[in-house]
Amino acid sequence: MLQILRRKAQSPFIQVIVVIIALVFIFWGVGTNIGDSKQSAIVINGEEISFQQFQQAYDRAYQQLGNQFGGNVPKGLAESFGLKQQVINQIIQTALLRQGATAMGIEVSGDEIRSLIQSMPQFQEQGSFSLERYKAILATNKMAPTKFEQSMRFDQLSEVAVREIGGFATIATDYEIQDIYSQLNEKVAVKYARISSADYVDKVVIEETTLAAWFETVKEKYKTESQVKLKYLTFTFAEVGNKVTIDQPKIEEYYSNNLNTFKIPEQRHARHILLQAGEEDSSEIHQEKAAKAAKVLDLAKSGEDFIALAQQYSEGPSKNSGGDLGFFPAGQMVPAFDQAVFSMQPGAISDVVKTQFGYHIIKLEGIKPSTTQPLAEATEKIISTLRLKEAESMAFQVGNAAYEAIISAGSLSKYSASHPDVIVRESDFFTKSSAPADLKTDPQFLEKTLDLNKGELSSLIKGQSGYLIVFVEDKKEPETPELTTVRAALEKDFRKIKSQELAEAAAKDVLQSVKAGKPFDSAAQEKGLTVQESGLLGQNKTEGKSDFPPSLLQTAFLLSTASPLPDAPGRVGDDFYVYTFLTRETPKMPENSDEMKKYRDNLQRFKQQQLLAAWLRHLEIGAKITKHPSL
């Protein structure tokens, strides 16, 4: 349960709308100016966005992307996500929001700005707003309070516009909520038969002329891989880093400058008793488990042994260990559980806490206060970090010096003869799949090496692990083999393709027979197929167990009594499926249930965002927008 709780900590509380488009707005922050650059990156209806402002927005978006991936993201990868265009779109949308709000007479009140500033942590001391600190920070940044507040009002205008425009969205009616609930929770049952292509492999007849003709159409697939034979020098960060000496003052300086990275957050040791009830369970089950949890809570608070109670009543995986969850920091459990644990004192027992897993009773066993890892324990990690940092620069310098020396000598062989201490690695012929380990583990090394021609010396190649210089001694280009050379593989592939065609033909025959009026069971049994019933299938899950493929559910939900058969057999891998409609179950949400409010809130947000997106599209159609050619 501990791992499940941790894994679910970042999950949405409820997902009742299949897709909700979230608009992300980037605000300029303190000190926004309009038209403060001679050359603008973007101009929206005369409002100029400077290159500095664009870069600030891009850097923030890049940092957010890095945080999502747990560290730095290469620029190339960031652009594969279209990050720059996303930032441009966000800048334009934010400007249009401000301009549209102004045109509609929407304003940001002084009270709102005052409240916002007072809530900013940089202007607080001991959790409360400090006017002296506020003035001191602005003075340090050479900014008057009036100018800062004006920039805050300008930046907040887009946020107020979102709120005000969203307020025009119509309310979510009970009818709409019931309709969405029914669609998302609808279930369908089908009768089906599976036709496996593996059952037809032995029925494939191979004739020499047919095989030869088929080979002519697919022979490119059987081409050999290109092969190269190399001499090469590597200058990896690991190799260079091992030669770097990091003295104690540098270690201490890094430690003091990055002290926050060595902080170990407070951890808490908890046990819990779980009465399981998921979001998919009925209200009756929830009432039953909540009542049982209340009774167990009374026993726990009356002084009975918590471990024994957990072993007797808990329904979670930690039951046998007395509900022990070990130590964990804040933020690793689901929010309601996490909030309860980190508001308790050691020895305390919580009230019943409800999460998406059910009903918990929690006991806090102990607290490990936040500490900072001592320098002695952090030293090894610091040395590795500093070595890598210095190695990145040194590897280039060493590699570049070697490359210039090779060019001056006239060849890698002459350079090697005059530098006997340098290790020149040699390979036999290899393909991409059989490359030497030091090349294969670095995709950029391997890719650029295989692009070289016979007798070609590479430039200094930069990879993920360092630098490389390669000389291609010989190269064998890909060749199309004779049929006799690849006959075994060819026959195997031919049988597989033809068996699939036979299985598909059989599936089409069954489907056609049923469409012509023959009972489904009879048509399937004539082909020697086993007929099964799926049971009720949800769009994302099944009631009980079913072997009916989830990938065919979308088509199955389109079937009905009036139109019980799909247009064509379904295919999943090498298997084909024929199926027919049996029944449909369309549930209704119980009135006044807890889910009703969740659905209403999500539907209301969806309507607000639809309205806001439509308003933005309208503004953008009529806007005059220019971008600098460099963007």
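Residues that are surrounded by 14 or more Cβ atoms within 10 Å (Cβ to Cβ) and under 27 Å from residue 166 (Cβ atoms) within segment 112-133 comprise 112, 113, 116, 117, 118, listed in sequence order. Out of (1) under 14 Å from residue 360 (Cβ atoms); (2) not in a helix (DSSP H, G or I), the odd one out for residue 303 is which? Residue 303 satisfies all of (1) under 14 Å from residue 360 (Cβ atoms); (2) not in a helix (DSSP H, G or I) except (1).
The set of residues in segment 79-132 that are assigned to a loop (DSSP other than H, G, I, E, B) and among the hydrophobic types (A, V, I, L, M, F, W, C) comprises 81, 104, 106, 108, 120.
Examine segment 576-586 for a residue that is closer than 30 Å to residue 219 by Cβ and surrounded by 13 or more Cβ atoms within 10 Å (Cβ to Cβ), and state whether such a residue exists. Checked segment 576-586: at least one residue is closer than 30 Å to residue 219 by Cβ and surrounded by 13 or more Cβ atoms within 10 Å (Cβ to Cβ). Cβ-Cβ contacts under 8 Å between residues 6 or more apart (or on different chains), taken from a first residue in segment 402-413 that is over 15 Å from residue 231 (Cα atoms) to a second residue that is exposed (fewer than 13 other Cβ atoms within 10 Å of the Cβ), are listed as 409/418. Can you tell which of 515, 454 is more than 35 Å from the chain's Cα centre (by Cα), within 25 Å of residue 416 (Cα to Cα) and among the basic types (Lys, Arg)? Exactly one residue qualifies, and that residue is 454.
A quick yes/no check of all residues on (1) under 30 Å from residue 512 (Cα atoms); (2) without any contact (Cβ under 8 Å) to a residue 24 or more places away in the chain; (3) of a type in the set (Asp, Glu):
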position: 576; (1), (2), (3): yes, no, no
position: 580; (1), (2), (3): yes, no, no
position: 590; (1), (2), (3): no, no, no
position: 598; (1), (2), (3): no, no, no
position: 610; (1), (2), (3): no, no, no
position: 614; (1), (2), (3): no, yes, no
position: 623; (1), (2), (3): no, no, no
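The residues of segment 301-314 that are in contact with a helix residue (DSSP H, G or I) (Cβ under 8 Å, 6 or more places away or on another chain), touching a residue at least 24 places away in the same chain (Cβ under 8 Å) and either surrounded by fewer than 20 Cβ atoms within 10 Å (Cβ to Cβ) or outside the structural domain of residue 273 (by TED's automatic domain parsing) (or both) amount to a single one, 313. Just one of the listed residues (146, 140) is out of contact with any Phe, Trp or Tyr (no Cβ under 8 Å at 6 or more places or on another chain), within 30 Å of residue 106 (Cα to Cα) and of a type outside the set (A, V, I, L, M), and it is 146. For segment 149-190, a residue qualifies if it is under 17 Å from residue 616 (Cα atoms), under 30 Å from the mean Cα position of the chain (by Cα) and either surrounded by fewer than 16 Cβ atoms within 10 Å (Cβ to Cβ) or not assigned by TED's automatic domain parsing to the domain that holds residue 100 (or both), and exactly one does: 163. Taking the conditions (1) modelled with pLDDT of 90 or more; (2) hydroxyl-bearing (Ser, Thr, Tyr); (3) closer than 30 Å to residue 595 by Cβ in turn, residue 197 satisfies each one other than (3). Residues in segment 592-624 that are in contact with a strand residue (DSSP E or B) (Cβ under 9 Å, 6 or more places away or on another chain) and surrounded by fewer than 13 Cβ atoms within 10 Å (Cβ to Cβ): 624 only.
Filtering segment 192-250 to residues that are of a type in the set (Gly, Ala, Ser) and surrounded by fewer than 17 Cβ atoms within 10 Å (Cβ to Cβ) leaves 196, 198, 212, 213, 226, 238. Being exposed (fewer than 11 other Cβ atoms within 10 Å of the Cβ) and of a type in the set (Ser, Thr, Tyr) is a property that residue 109 lacks.
Please specify each residue of segment 272-292 satisfying the condition of being assigned to a helix (DSSP H, G or I) and not hydrophobic (A, V, I, L, M, F, W, C). If you could, list the steps in order and put the result at the bottom.
Step one: of segment 272-292, the residues assigned to a helix (DSSP H, G or I) are 283-292.
Across segment 272-292, the qualifying residues are 283, 284, 286, 287, 288, 289, 292.
Filtering segment 289-307 for residues that are of a type in the set (Phe, Trp, Tyr) and out of contact with any Leu (no Cβ under 9 Å at 6 or more places or on another chain) leaves a non-empty set. Of everything in segment 517-530 that's of a type in the set (Gly, Ala, Ser) and touching a helix residue (DSSP H, G or I) at 6+ places or on another chain (Cβ under 9 Å), which residue is nearest to residue 570 (Cα to Cα)? Top of the filtered list is 524. Scanning segment 388-420 for residues that are of a type in the set (D, E, K, R) and more than 19 Å from residue 237 (Cα to Cα) yields 404, 414. Taken together, 499, 534, 513, 551 contain a single residue that is surrounded by fewer than 16 Cβ atoms within 10 Å (Cβ to Cβ), among the polar types (S, T, N, Q) and either within 30 Å of residue 181 (Cα to Cα) or touching a helix residue (DSSP H, G or I) at 6+ places or on another chain (Cβ under 8 Å) (or both), which is 551. With respect to residue 179, is the statement that it is modelled with pLDDT under 90, closer than 30 Å to residue 568 by Cα and either outside any helix (DSSP H, G or I) or of a type in the set (Asp, Glu) (or both) true? Considered against the rule, which asks whether it is modelled with pLDDT under 90, closer than 30 Å to residue 568 by Cα and either outside any helix (DSSP H, G or I) or of a type in the set (Asp, Glu) (or both), residue 179 comes out as yes.
The values are calculated or read from the model by the stated rules, or taken from the named source; none is laboratory data. Predicted model, so just to flag it, every value in this text is computed and none were measured. When we count neighbours, we look across all protein chains shown, and the Cβ atoms used for this are built from the backbone with ideal geometry, even at glycine.
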